Amino acid sequence: MVTLPGPPVRLWRSGDEESLVRHADNYAVWRSLRDRFPRPYTLDDARRWIEAQLQAPERLMNFAIERHGEAVGGVGFIPGSDVESRTAEIGYWVGQSLWGRGLATAAVQAVLPYAFERLELLRVFAAVFELNPASARVLEKAGFVREGVLRDAAIKEGRVTSMIVYGMTLSDWDAVRRSGAGVV
Ligand SMILES: CC(C)(COP(=O)(O)OP(=O)(O)OC[C@H]1O[C@@H](n2cnc3c(N)ncnc32)[C@H](O)[C@@H]1OP(=O)(O)O)[C@@H](O)C(=O)NCCC(=O)NCCS
């Protein structure tokens with residue numbers, strides 16, 4: 001049984017605040033995320049985020065993405081409720097200076113065993129803005145299946161945008177794991 005995700009993913013810890021601001025306070029990161037991701041991303045935002053993670057309940061949902069000991073991004077789950085209690089949405093970001101090195105893909109692959117084995121999820125999904133091919137590619141590389149388009153589902157920066165839904169079920173995960181594709 002997996003207890004926590006492995007590298008490049010680790011727990012958030014105090015001391016991450018400055019690198020978090022350095023990587024998160026960036027329009028190119030914010031523009032592909034929900035508006036609740038702060039902009040500007042201040043030191044106070046980073047302190048609040050890390051404080052909240054340190055007080056997180058037993059079922060940890062948010063993790064730092066680490067490179068050379070520094071928190072350079074984040075990956076986490078938003079758990080569903082009611083009839084979707086064993087579904088979660090996955091979200092992630094990486095500091096722009098480190099894009100294109102496989103970090104997000106490795107981070108998503110690192111949290112999947114935790115999601116399916118420790119959290120005992122039946123389904124993990126992501127909703128990607130239609131103009132975010134890099135994120136779609138991350139999900140495809142990790143073995144997610146493109147399931148459909150939520151037409152005109154979101155408004156970002158005043159512009160209506162569709163969202164592409166990618167999903168992975170527990171049986172998809174079993175197949176990915178058996179094929180070795182989910183192993184970093
Ligand atoms: C999306 C994001 C997480 C990717 O992080 P990353 O560490 O660069 O991702 P990886 O290096 O693992 O993989 C990126 C893939 O996208 C590809 N890619 C990048 N830009 C692309 C583009 N414009 N069109 C098509 N593919 C693109 C890369 O070539 C790579 O694929 P490859 O390995 O087959 O060459 C990062 O760009 C980011 O943080 N963006 C802002 C936040 C965000 O979009 N979060 C996801 C919300 S759903």
**Study point:** Alpha-carbon centroids, the range 65-88 and the range 113-178: separation in whole Å
**Key:** 13 Å
Point to revise | Theoretical gain in end-to-end length, LYS141 to THR42 [0.36 nm per residue, Cα-Cα removed] | key: 32.4 nm
Check your understanding: With +1 on each Lys and Arg Cβ and -1 on each Asp and Glu Cβ, how big is the dipole of the range 25-184 about its Cα centre, in debye rounded to the nearest 20?
Key -> 340 debye
Practice item. Could you work out the relative contact order of the chain, using alpha carbon pairs under 8 angstrom and six or more residues apart, expressed as a whole percent? Key: 21 percent
Practice item. Mind jotting down the three principal axis lengths of the chain based on Cα atoms? Whole angstrom, largest first. Key: 41, 40, 35
Review point. What ranking do 100-111, 153-164, 71-82 get when scored by the average of other Cβ atoms within 10 Å per residue, highest first?
Key: 100-111, 71-82, 153-164
Review point. For the chain, what is the calculated [θ] at 222 nm in deg cm²/dmol (nearest 500), taking -39500 (n - 2.57) for each run of four or more DSSP H residues and dividing by its residue count?
Key: -8500 deg cm²/dmol
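Every number in this text was worked out from the coordinates using simple rules, so none of it is lab data. For clarity, every value in this text was computed on a predicted model and none was experimentally measured. Cβ atoms come from the backbone with ideal geometry, glycine included; neighbour counts cover every protein chain shown.
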